[in-house]
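Asker: Dropping the structure in here first, questions after.
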Amino acid sequence: MDLVPHPDSPHSDNSGGGGGGGSASGALSLPGASSAGAVSALASPSRYESQKRRDWNTFGQYLRNHRPPLSLARCSGAHVLEFLRYLDQFGKTKVHTPACPFFGHPAPPAPCPCPLRQAWGSLDALVGRLRAAYEENGGRPENNPFGARAVRLYLREVRDHQSRARGVSYEKKKRKKAPAHPVPAAVISSSHDGNGHHHYEHQMPPPPPPGAAA
């Protein structure tokens, strides 16, 4: 995943693969040593939640540094696109230009001067986290700028362009369903005794002979 700057880290230009910001230094302490581990687990956010919080803080810092400063209530899909393009300068994914001899080559044999960009997968995941964080922080779903049509179209364009430029496919492969083998139905036979009473018995078909295909 490409690096994204985080304002709450010592160096705002790096997301840092190290400290995920999810440490629970102020964990609660309850009576009984046996419960300390459970309390620590509850106090520590998941990796996804920690990343979502850092992404939300990064976006908030971007809005504050915007000229003129931009409030969240006035943020639109166009501002989200500005933010995504701003993040490209921190990208680590080589995206070949059409003039590059390695355009469409999945494994270039030599370096080239093509620009580094944020990978489509990183941007797609980022938008998903920010879309959830927006609503968790009081935003209304119908006004969510991260779900705007312009943002969806932009992500689709980035995916298609990087797929062609890098010679990779982002299409999900559909799993083929195994053909279902029909279950043989039970055979019902009837007989009657001398008193005129019918007796019904369920009989399963005989097993296939040895060596026959299952």
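Asker: Against the conditions (1) touching an Asp or Glu at 6+ places or on another chain (Cβ under 8 Å); (2) modelled with pLDDT of 95 or more, where does Ser189 fall short? Just the number, please.
Answerer: (2)
Asker: Related question: Please go through segment 121-150 and pick out each residue that is open to solvent by 60 Å² or more (accessible area, probe 1.4 Å) and within 27 Å of Val95 (Cα to Cα).
Answerer: Answer for segment 121-150, where residues must be open to solvent by 60 Å² or more (accessible area, probe 1.4 Å) and within 27 Å of Val95 (Cα to Cα): Asp124, Arg131, Arg149.
Asker: Quick one: Leu63 ticks every box in (1) at pLDDT below 95; (2) open to solvent by 30 Å² or more (accessible area, probe 1.4 Å) bar one, so which box is it?
Answerer: Only one criterion in (1) at pLDDT below 95; (2) open to solvent by 30 Å² or more (accessible area, probe 1.4 Å) is unmet by Leu63, namely (2).
Asker: Name the residue, out of Gly104, Gly128, Gly138, that is at pLDDT below 95 and within 26 Å of Arg164 (Cα to Cα).
Answerer: Of the residues listed, the single one that is at pLDDT below 95 and within 26 Å of Arg164 (Cα to Cα) is Gly104.
Asker: Which count do you get for residues in segment 110-120 that are open to solvent by 40 Å² or more (accessible area, probe 1.4 Å) and in contact with a Gly (Cβ under 6 Å, 6 or more places away or on another chain)?
Answerer: Of the residues in that region, 2 qualify.
Asker: Between a residue in segment 46-68 that is of a type in the set (D, E, K, R) and any residue that is open to solvent by 60 Å² or more (accessible area, probe 1.4 Å), which pairs come within a Cβ distance under 7 Å, given they are 6 or more apart or on different chains?
Answerer: Arg54/Asp8
Asker: Given the conditions (1) at pLDDT 90 or above; (2) farther than 20 Å from Gln118 by Cβ, report the number of the one that Ala24 does not fulfil.
Answerer: (1) is the only condition that Ala24 fails.
The values are calculated or read from the model by the stated rules, or taken from the named source; none is laboratory data. A quick note: this is a predicted structure, and the numbers were derived from the prediction, not measured. Glycine also receives a Cβ, built like all others from the backbone with ideal geometry; neighbour counts cover every protein chain displayed. Note: areas computed on protein heavy atoms with side chains; ligands, DNA, RNA excluded. Shrake-Rupley method; radii C 1.70, N 1.55, O 1.52, S 1.80 Å.
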